[in-house]
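Computed from the coordinates by the stated procedures, all read-outs in this text should not be read as laboratory data. Every value quoted in this text rests on a predicted model; they were computed, and no experiment measured them. All Cβ positions, even for glycine, are placed from backbone atoms using ideal geometry, and neighbour counts span all protein chains on display.
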Amino acid sequence: MKISSFDHYKEVYKQSVEQPEEFWAGVADTFQWRKKWDKVLEWNFKEPRIEWFKGAKLNITENCLDRHLEEHGDKTAIIWEPNDPKDSHRVLTYRQLHDKVCQFANALKNNGAKKGDRICIYMPMVPELAIAVLACARIGAIHSVVFGGFSAQSIADRIQDAACNIVITADGGVRGNKEVPLKSIIDDALVQCKSVERVIVLTHSRTPISMIKGRDVWWEDEIRKVETQGNPDCPAEEMDAEDMLFILYTSGSTGKPKGVVHTCGGYMVYTGFTFDTAFQYQPEEVYFCTADIGWITGHSYIVYGPLSQGATTLMFEGIPTWPAPGRFWEIVEKYKVNIFYTAPTAIRSLMSFGLDVVKDKDLSSLNKLGSVGEPINEEAWHWFNDNIGHNKCPIVDTWWQTETGGFMISPVAGITPLKPSFAGLPLPGVQPILVDEKGEEVVGNDVSGNLCIKFPWPGMLRTTYGDHERCRTTYFATYDNMYFTGDGCLRDEDGYYRITGRVDDVLNVSGHRIGTAEVENAINMHSSVVESAVVGYPHDIKGQGVYAFVVCPNKHSDDELTRKDIIMTVARIIGAIAKPDKIQFVSGLPKTRSGKIMRRILRKVAEGDTGNLGDTSTLLDPAVVEEIKAGAL
Ligand code: 6R9
């Protein structure tokens, strides 16, 4: 939605909360439906049951592809920049992307895929990843993309949870000068996964891999078969608005990651609307989001949101620091990128390389910047604004979550006055509310509390896969009649929102969500570990680092070696992204008489703030605290 002034925003916002159904029906009207809805919204947050555009029929890929063909078929849909700048880049127009999606959708069907199947995708950042995602959506199969940094065990957990019957992967991926042996990791995962009947393997890195007869097939062979069948088109499956579109696993404060479920109609409307509104996207603009499609940011704002709006979206296979730390700026210059959307951790990492790698690049094409994943600190905000945006590009600091599907609190580019480190005001249709510990609303401005949302929005999660009760208890049971985000937040004197970070046991490491319980479980798998407790601590680049207190009485004499073994264990169980940064061996953990670990004390120690540990009178063994303080890293 194009917004012409701050007053216009206020007007639209007011209407959107006073008459939400009319508002969202108006937005939904800008999409293409096979059949319109019978009812805009039915909901209760008790069960919870949330249904948007009930009775409507659609296929999201017709909105992302087919509807652009007549007038914009030759417009660039995807620009792909390879890991190695010496390799050639690729460009896919909307027509080419449409044809490739149809082809691969037919290949999926030839391999037995049908509507409702769950298909796991474990791929590098290549156009075929977007093609695979869209091909699943085309035939009504539910994709479950797993980020390339997760281990075989994590993949197996996710495949089993959703009982996937097909896996789409590649021989290997390349990031910087490292190779990720994707197919080999899949082979390890599949030892535990009886539901998988077919693995489709894209040729990419050309690393030698095993191919198992009857199970594994090459992507390219399957495409050739489709070509010889002479059936280039693949009519889109007709989906109900509330049919599942995808599952994406995310970490919470307890136990295993949960499969967040998004559905076809609401997610399409919400991602398209928020992309268009927050970035005020103009038809000729080149848009570059640096996320990986393995995370929600990539799903919503590399693939679905931009494509439903007919945008040109740039996919980058590599990392910001290879072959040199000016790589992002080189890409901006090369493709004359207009909108650049990245994460604070990337900004902080690039800041540390100084301005020399920025100064020689032409960044004059940029007109809007974006940030996502964690609170952006003021220093990073100003560096981004001064040196990348040259003080002429609004910074759209988008607060949202895997569960929200799309942006919730965010400036409208060029419209909302900006404040460094504030996500700003809610987008139209979003009704935030701050509550105190008791669940009472915190009213007025210049206040803080736990951030909740009090009214549904089309992009919200519908359930957690296979376990609706978990969805209820995690998000809808903390406070009556509200969705609880897990974030703490302050609202300043102008009503602007500033997210202060998680209030639960979830860490945000380089913009990735990591549950402390998950890391503890992995550490405890190590044969000499008795017990552990994991907390976050401030980290200059990552935002938060992982600090583990580990009880390990029978360890070998070489502490350093045991630390490395524990780190390796975590990498095997979860993946490299969850590796502890610091491991302190302790003889015991500070516990209350009822056996609860006092994390508050551990957090203070990890933060290096041991001056005042607060009330420790309920501790079972106060001596343990002295030992922990003395051994702090
Ligand atoms: C999109 C995404 C969600 C958590 C969220 C919050 C943090 C995300 C933020 C932000 C402050 C922002 N977060 N964006 N905090 N300002 N602009 O990151 O989803 O991986 O599910 O993480 O990330 O703590 O609760 P997800």
Sum of side-chain charges, ARG90 neighbourhood, beta-carbon under 12 Å (Lys, Arg +1; Asp, Glu -1): -3
Above-threshold pairs, the threshold being 19 Å between Cα atoms, out of LYS336/LYS368; LYS2/LYS368; LYS115/LYS183: LYS115/LYS183
Stretch gain in nm, segment ARG67-THR228, where the contour uses 0.36 nm per residue and the Cα spacing is subtracted: 55.2 nm
Environment charge of ASN367, counting only residues whose C-beta is closer than 10 Å and scoring Lys/Arg +1, Asp/Glu -1: +1
Fraction of antiparallel bridges per DSSP, the chain only, in percent to nearest 5: 60
Expected 222 nm ellipticity per residue - DSSP helices of 4 or more, -39500 (n - 2.57), all of the chain, to 500: -8000 deg cm²/dmol
The chain, dipole about Cα centre (Lys/Arg Cβ +1, Asp/Glu Cβ -1), debye to the nearest 20: 1020
Pairwise FRET efficiency - GLU284 versus LYS334, Cβ, R0 = 22 Å, nearest 0.05: 0.85
Residues ASP360 and ALA630, FRET efficiency given R0 of 60 Å [Cβ-Cβ distance, rounded to 0.05]: 0.75
Positive dipole terminus of region 449-502, leading residue within GLY486, TYR465, CYS452 (C-beta point charges): TYR465
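I want the local charge near ASP99. Using Cβ-Cβ distances under 14 Å, sum +1 for each Lys or Arg and -1 for each Asp or Glu among the other residues.
Net of charged neighbours comes to -2.
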About the Cα centre, charge dipole magnitude for region 212-259 (Lys/Arg +1, Asp/Glu -1 at Cβ), debye: 520
Farthest positive-ward along region 506-630 dipole, Cα basis, beta-carbon charges - from PRO622, GLY611, VAL535: VAL535
Extension gain, LEU418 back to GLU560 (0.36 nm per residue minus Cα-Cα distance, nm): 46.4 nm
Global geometry of region 506-630, whether rounded, prolate or oblate, following the gyration tensor of its Cα atoms and the 1.5 cut on a/c: oblate
At least 20 Å along the helix axis (C-alpha) and Kyte average at least -1.0, DSSP helices within the chain: 94-110, 264-279, 559-573
Full-stretch length increase - ASN44, TRP218 - with 0.36 nm per residue and alpha-carbon distance subtracted: 58.0 nm
Amide H partners (placed H, <5 Å) of LEU202, local residues excluded: THR169, ALA170, ASP171, TRP219
Spin-label model distance (nm) - TRP322 vs LYS114, 7 Å beyond Cα toward Cβ: 4.3
Distance (nanometres) between label positions extended 7 Å along Cα→Cβ at LYS582 and THR618: 2.6
For ARG95, ARG498, ARG215, order by how many other beta-carbon atoms lie within 10 Å, fewest first: ARG215, ARG95, ARG498
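What order do you get for MET125, MET1 when you list them from fewest to most C-beta neighbours inside 10 Å?
Listed from fewest to most nearby Cβ atoms, that is MET1, MET125.
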Amide N of region 567-587 lying under 20 Å from the label point, which is placed 7 angstrom from the Cα of ILE541 along Cα→Cβ: 567-568, 571, 575-583
Charge dipole magnitude, Cβ of K and R +1, D and E -1 - region 506-630, Cα centre, debye nearest 20: 340
FRET efficiency, ARG472 to GLU437 (Cβ-Cβ, R0 35 Å, nearest 0.05): 0.95
Segments 353-365, 69-81 sorted - mean Cβ within 10 Å per residue, highest first: 69-81, 353-365
Fraction of antiparallel bridges per DSSP, region 114-233 only, in percent to nearest 5: 15
Residue among ALA156, CYS193, ILE514 farthest towards the positive dipole end of the chain, charges placed on Cβ: CYS193
Partnerless Cys - the chain, beta-carbon criterion under 4.7 Å: CYS64, CYS136, CYS193, CYS264, CYS289, CYS393, CYS452, CYS471, CYS489, CYS552
